[in-house]
Amino acid sequence: MKAMHKKVIAVSLSAILIPTIFSTAYAHSDFGHKRAHNAHKMLKKLDLTDNQKENVKAIVKASRVDGKQDMTEFKSLKQALEVQIKQDKWDEAEVAKIVGELHALKTTRMENSLSTKQQVWALLTPEQQAKYVTLQQTRLAKIEDKAAKRTEKRQAKFVKKLGLSDEQQTVVEPLLAQLAENRTQMRDAKLASKAASIATLAKSGEFSLALNSEAAIEMQQLAVDNASLHHRIWHNLTPEQQDKFERFMSKKKRGMKKHRRGQQS
């Protein structure tokens, strides 16, 4: 396998069967805990007074809702998407419906989160608000670099685990190349929208949704396209390769849960 071909395959194999089709947009509970952990770290850097800390706790407690129903719905949609990817016959209408429901769920959760953030923002001094904006801008600048580094670390492991034949490479490579391009578009669109949201926050002091309606429609269409690519890739793997991939992803999830428990201890 040529070095360039290996890189293209590695970049994209991590998305097969996903459903990280929306990347971090529809993260499961492990990523939810990670986001909460990151938010806590961000607040610590703002050097809140004791009074501010108490007020933040009260706001968070008042806004906290039982997320079990949302999580149950998310898992159900995620499983439905996995089923569609593995189905022999591709049903784009059904996939688009699932993708739309995932987007609606994500949007509702984001709106609730922004309401809480706005209340916390009002408690900050102008200096703390300025520092918060700077920290967010710095964080965004690091995201792309970190994503590239993670890809480099994973690529050899994915290729070695699946052992694609020369014939499989011929069929799968164009699909993987398109998948990699789609994922880049999705990442760039989200980063651009988040950067715009931070700029709006700095100017007006108002939090806004990371994705506007036009960008959201584009993301949903890319998600449907990605699912189609995943479906075609999945059906070009042997049963043994499919089993290897699922076991690999299962092991990865267990590792993430272990890492989260270590952070919380």
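The values are calculated or read from the model by the stated rules, or taken from the named source; none is laboratory data. Bear in mind the structure is a predicted one, so any value in this text is a computation, not a measurement. Don't worry about glycine lacking a Cβ; one is built from the backbone with ideal geometry, like all the others, and counts go over all protein chains shown. For the accessible areas, the whole protein counts, side chains as well, though only heavy atoms, and no ligand, DNA or RNA atoms are used. Shrake-Rupley method; radii C 1.70, N 1.55, O 1.52, S 1.80 Å.
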What about Glu54, is it open to solvent by 80 Å² or more (accessible area, probe 1.4 Å) and either of a type in the set (Asp, Glu) or within 23 Å of Ala195 (Cβ to Cβ) (or both)?
yes
So in segment 32-59, with the set limited to residues that are in a helix (DSSP H, G or I) and aliphatic (A, V, I, L, M), which one is modelled with the lowest pLDDT?
Ala36
Looking at (1) within 22 Å of Ile85 (Cβ to Cβ); (2) exposed (fewer than 14 other Cβ atoms within 10 Å of the Cβ); (3) modelled with pLDDT under 75, find the lone condition where Glu246 falls short.
(3)
Keeping to segment 71-82, report how many residues are over 20 Å from Thr238 (Cβ atoms) and either among the charged types (D, E, K, R) or open to solvent by 50 Å² or more (accessible area, probe 1.4 Å) (or both).
6
Of all residues being farther than 30 Å from Arg64 by Cβ and among the small types (Gly, Ala, Ser) in segment 83-115, which is least open to solvent (accessible area, probe 1.4 Å)? Just the residue, please.
Ala96
Which residue is surrounded by the fewest Cβ atoms within 10 Å (Cβ to Cβ), if the candidates are limited to segment 116-128 and must be touching a residue at least 40 places away in the same chain (Cβ under 8 Å) and in a helix (DSSP H, G or I)?
Gln118
When segment 202-228 is examined, which residues are found to be open to solvent by less than 30 Å² (accessible area, probe 1.4 Å), part of a helix (DSSP H, G or I) and among the hydrophobic types (A, V, I, L, M, F, W, C)?
Ala215, Ala216, Met219, Leu222, Ala223, Val224, Ala227
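A quick yes/no check of all residues on (1) within 23 Å of Trp234 (Cβ to Cβ); (2) at pLDDT below 70; (3) touching an Asp or Glu at 6+ places or on another chain (Cβ under 9 Å); (4) surrounded by 15 or more Cβ atoms within 10 Å (Cβ to Cβ):
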position	(1), (2), (3), (4)
Ala130	no, no, no, no
Gln136	no, no, no, yes
Gln155	yes, yes, no, yes
Leu162	yes, no, no, yes
Gln168	yes, no, no, yes
Ala177	yes, no, no, yes
